[in-house]
Amino acid sequence: MHRFFLTKNFQETMDITGPDAHHISKVLRMQVGDTLQIVSLDQICALMKIQDITSEQVTINLVEKIEENHEPSVKIILAQGLPKSDKMDFIVQKAVELGVSVICPVAMENSVVRLDTAKGEKKQLRWQKIAAEAAKQSKRDIVPQVMVPTSLTQILNEYKDVTTKIVAYEVEDKRSLKEVLQKPGNLTDILLLIGPEGGISKEELELAQGAGMTAVSLGRRILRTETAGLAAIAAILYETGNLGG
Ligand code: SAH
């Protein structure tokens, strides 16, 4: 079943326009009477039937609202040290599939890529589009937000109230991710910081720890930046019962 995120509040009859209308009519070649799923701006998920279709506009009617929830119970905010080339595309796509809520690219000391404001905004648009597609494909109930690249200080400040704050640190050999996740208490929201290819500098680690982040190990092997985040996200989801049952 195809799923579309609409930028309007729910109504029993709605019109889909723009690229989605083109996609439904020309690419999927759907017809009057076919059904599709929508998620409205006010986050109502529904099965809708096509009443009328042109390449510019698809009119749909409510069949039934869908109550099931595809979202994990834990809100994961991935703060990802800006990686090289198009690795961020991959990270955004996979992190959204797995179930993160927010992705914040972070310009870090060892990030090779430097983005000025204009380039950063352009990249953000691209990543947000990738996030929307991944959300659609994986049947998320929300489109996770990808922020414009920002500094570590800003991230730490913006998410200071998050209950569990973790920095994956390859040098850490005492505290494991498992230990932190198995601490008593509810895991409701987690800020997860992953360094870029060159790793996290000592100053950055101190800054993160000063803001209440706990350094954790992801195991004895050094993972590439794009592997580290996804492995940690999968572990968090597993530990909280949001992956694999
Ligand atoms: N500094 C390293 C590699 C960095 S790996 C070097 O150049 O040799 C990129 C990021 O992935 C790290 O900053 C860390 O956040 C995460 N990471 C990779 N392997 C890890 C591990 N075993 N434990 C914790 N974090 C890890």
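Just add up the charged neighbours of Val102: K/R +1, D/E -1, any other residue whose Cβ is under 14 Å from the Cβ of Val102.
Overall, the nearby charge balance is -1.
So how exposed is Lys202, as accessible area in Å² (1.4 Å probe, rounded to 10)?
So the heavy atoms of Lys202 present about 130 Å² to solvent.
To the nearest 10 Å², what's Tyr238's accessible area with a 1.4 Å probe?
Surface open to solvent at Tyr238 totals about 140 Å².
For the chain, report the accessible area per residue in Å² (1.4 Å probe, heavy atoms, rounded to an integer).
So the chain comes to 53 Å² accessible per residue, rounded to a whole number.
Can you give me the long-range amide H partners of Val167? Hydrogens built in the peptide plane at 1.01 Å from N, cutoff under 5 Å, separation of 5 or more residues or another chain.
Leu193, Thr214, Ala215, Val216
Percent of accessible area on the chain owned by carbon and sulfur, 1.4 Å probe?
So the carbon and sulfur contribution to the accessible surface is 48 percent.
With just the Cα atoms defining each centre, how far is the range 24-93 from the range 170-245? Give it in Å.
The range 24-93 and the range 170-245 have Cα centres separated by 30 Å.
Past 20 Å, Cα to Cα: identify those pairs from Lys75/Lys136; Lys87/Lys160; Lys26/Lys87; Lys49/Lys94, in the order given.
Details: Lys75/Lys136 18 Å; Lys87/Lys160 27 Å; Lys26/Lys87 31 Å; Lys49/Lys94 30 Å.
With Cα atoms farther than 20 Å apart: Lys87/Lys160; Lys26/Lys87; Lys49/Lys94.
When a/c reaches 1.5 or more, the comparison of a/b and b/c decides; with that in mind, is the range 107-223 rounded, prolate or oblate per its Cα gyration tensor?
Verdict is oblate for the range 107-223.
Which ³J(HN,Hα) values, rounded to whole Hz and listed in residue order, are derived for the range 186-192 from phi using the Karplus coefficients 6.51, -1.76 and 1.60 in 6.51 cos²θ - 1.76 cosθ + 1.60 with θ = phi - 60°, glycine and proline given as x?
7, 8, 9, 9, 9, 9, 10
Which one, Ala95, Ala21, Ala79, has the greatest fluctuation when you compute a Gaussian network model over the chain with C-alpha springs under 10 angstrom?
Comparing Ala95, Ala21, Ala79 in a Gaussian network model of the chain, the most mobile one is Ala21.
Relative to the compact-globule scaling 2.2 N^0.38 Å, provide the ratio for the alpha-carbon radius of gyration of the range 12-86.
1.46
If you consider only alpha-carbon coordinates, what radius of gyration and Dmax does the range 88-128 have, in Å?
Rg and Dmax of the range 88-128, Cα atoms, are 11.0, 30 Å.
Thinking of the range 169-245 as a set of Cα atoms, what percent of all their pairs are more than 20 Å apart? Show your work: numbers first, answer last.
Details: 886 of 2926 pairs.
Tail fraction, whole percent: 30.
Using a Gaussian network model of the chain with C-alpha springs under 10 Å, which one of Lys160, Lys94, Lys26 is most mobile by mean-square fluctuation?
It is Lys26.
Suppose we keep just the DSSP beta bridges with both residues in the range 106-245; what percent of those would be antiparallel, to 5? Intermediate results must be reported in sequence, preceding the final value.
Working: 0 of 10 bridges.
Of all bridge pairs located within the range 106-245, approximately 0 percent are antiparallel.
Quick one: of the DSSP bridges fully inside the chain, what percent are antiparallel, nearest 5?
Beta bridges within the chain, antiparallel portion: roughly 40 percent.
With no solvent and one equal point scatterer placed on each C-alpha of the chain, evaluate the Debye formula and give log10 I(q)/I(0) for q = 0.09, 0.17 Å⁻¹, two decimals.
-0.44, -1.18
Dipole of the chain, Cα-centred, from +1 at each Lys and Arg C-beta and -1 at each Asp and Glu C-beta, to the nearest 20 debye?
That gives a dipole near 540 debye.
The values are calculated or read from the model by the stated rules, or taken from the named source; none is laboratory data. Note that the structure is predicted; figures quoted are calculated from it, not measured. Neighbour counts are summed over all protein chains in view; Cβ atoms, including those assigned to glycine, are modelled from backbone coordinates with ideal geometry. To get the accessible areas, we keep the full protein, side chains included, count just its heavy atoms, and leave off ligands, DNA and RNA. Shrake-Rupley method; radii C 1.70, N 1.55, O 1.52, S 1.80 Å.
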